[in-house]
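Below: the structure, in structure tokens.
Values quoted throughout were computed directly from the atomic coordinates according to the rules given, and no laboratory measurement underlies them. What you see is a predicted model, and the numbers here were worked out from it, not measured in a lab. Cβ atoms come from the backbone with ideal geometry, glycine included; neighbour counts cover every protein chain shown.
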Amino acid sequence: MAGASMKDIKLRIRSVESTMQITKAMQLVATSKLRRAKERMESSKPFGVLARQAISAAVARCEDAHIPYLTPRESKRRCYVIIAGERGLAGGYNSNVFKAVAAHSEGVEYCVLPIGRKAIDKYQHMGVQLLDDTQYRVEGANVGACFRMANLLVEGYDQQQFDEVWLVYTNFHTMMDQQVDVQQLLPVIRAELPEDATPVSTVYEEEPAETLRKVVPDYLAGRLYSAVCDSFASEVAMRRNAMDSATKNADAMISELRLRYNRARQGAITQEITEIVAGAEE
Amino acid sequence: MATFHLQIVTPDRLVFDGQAERLVARTVGGDVCILAKHIDYAAPLGIGAAHIVDEDGKEHKAACSGGMLTVYGGEAILMATTFEWAEEIDLARAERAQQQAEEKLRKLSRDDREFVLASAKLKRAIARINAVE
């Protein structure tokens, strides 16, 4: 009996060990990807800040009552831009995003523009209308793809296919802290734009409204690109953390199993000695 | 010469952040030159060659497309779709792109959706080639 259980334990140890090797390898891959993802995220930040400043300067002197892309209209339908991952095994990364969308879109009619394979699969499966059939990727996403998406969103907004555009992505705060964020992309919220203190007369090359019409798609593309970079860094960080704790768990499990194995081995030896001694006494 | 604070930014990076004597860029209305103490200004950008003169008086050429140029309180922000310094441009690639776009344009009719895209591509390729030469 002791022998059989010894064999069982040995098999368990071996299987946990091979799982640990995989989680460890995934952790290493994630760590090496993380550095580049963070660099990309950092370099995508300035655009949003400066673009907001520039747009607010342009808006400040816009005298039209109806400013394109800034004046809200009655909302009947929303479009969600949802950024999730390409793969699973990243803790709650994907499901957190989907939960946030479900909570936010309750009772609203909406269509989606999913980015990342997990998001595309999920919303295709749910039967929600997708804005575009292109399979947008998160890893290695380029600025060009973000411009295509931004144009698509602006086009849909102009044609009144939807009246609001929301972005759901994972914001990278620190290595240990990534939060899902839901933000409005269109109409651009004025409160987001910094107030300007001293309005002076501005020279416009074109009408302010026309300027905005041209610039808002660029701004959106920049926002999308930065959100994609943020999400990817979060995904990699969460995967690294998940794999780190999985490796630690496996390690703890192995030492527990080793202890049990040794105990079983000791038990078997003791029993054998007892049997031999008992045999000799007879 | 007097300088002003200039920031050039594209979605994927902060290209330039520092003092400049002069900025020349192509807006939708044509080339403009920004010098220090310029009045507040806003213009959408076209596609074309651009250059800056930095505080040491050295000229840096670039190709720039899309976005907006604003001057506000004496500080200039150029947010562009693409902004490449001349030394970053692959001339052979730009020339290939020019040829391809020209061929495409010959085949397309003027009201094709693709026509706009291809002509933008051609303009970008020409801007890059101009920036290098």
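The angle between the Cα long axis of helix B:113-132 and the main principal axis of chain B comes to about 50°, on a 0 to 90 degree scale. Summarising the amide proton neighbourhood of A:V180: residues at separation of 5 or more, or on other chains, whose placed amide H is nearer than 5 Å comprise A:N171.
Tell me the Kirkwood hydrodynamic radius of chain B in angstroms, computed as one over the mean inverse distance between distinct C-alpha pairs.
Here the Kirkwood hydrodynamic radius works out to 15.4 Å.
Per-residue Karplus couplings for region B:51-67, computed as 6.51 cos²θ - 1.76 cosθ + 1.60 with θ equal to phi - 60°, are listed in order as 8, 10, 10, 7, 5, 8, x, 8, 8, 10, 8, 7, 10, 9, 8, x, x Hz, Gly and Pro entered as x.
The calculated FRET efficiency for A:V49 paired with B:Q100, based on their beta-carbon distance and R0 = 35 Å, is about 0.45. Shown here for region B:25-64: trypsin sites (Lys or Arg not before Pro) in loop regions (DSSP other than H, G, I, E, B) with at most 14 other Cβ atoms within 10 Å, namely B:K37, B:K58.
Sparse packing (at most 14 other Cβ atoms within 10 Å of the Cβ) combined with a DSSP loop state is found for the following GluC sites (Glu not before Pro) in region A:66-111: A:E74, A:E106. Rounded to the nearest 5, the antiparallel percentage of DSSP beta bridges internal to the protein assembly as shown is 70%. Sites listed here are trypsin sites (Lys or Arg not before Pro) in region B:63-128 whose DSSP assignment is loop and whose Cβ has at most 12 other Cβ atoms within 10 Å: B:R110. In this structure, A:T174 and A:V277 have a Cβ-Cβ separation that, at R0 = 60 Å, corresponds to a calculated FRET efficiency of about 0.40.
Placing +1 at every Lys and Arg Cβ and -1 at every Asp and Glu Cβ, with all other atoms neutral, what dipole size does region A:46-239 have around its Cα centre, in debye to the nearest 20?
Dipole of region A:46-239, to the nearest 20 debye: 680 debye.
Placing unit charges on each Cβ (+1 for Lys and Arg, -1 for Asp and Glu) gives region B:9-103 a dipole about its Cα centre, and among B:A76, B:V28, B:I47 the Cα reaching farthest toward its positive end belongs to B:V28. Net charge in the neighbourhood of B:T10 (other residues with Cβ under 11 Å of its Cβ; Lys, Arg +1, Asp, Glu -1) is -2.
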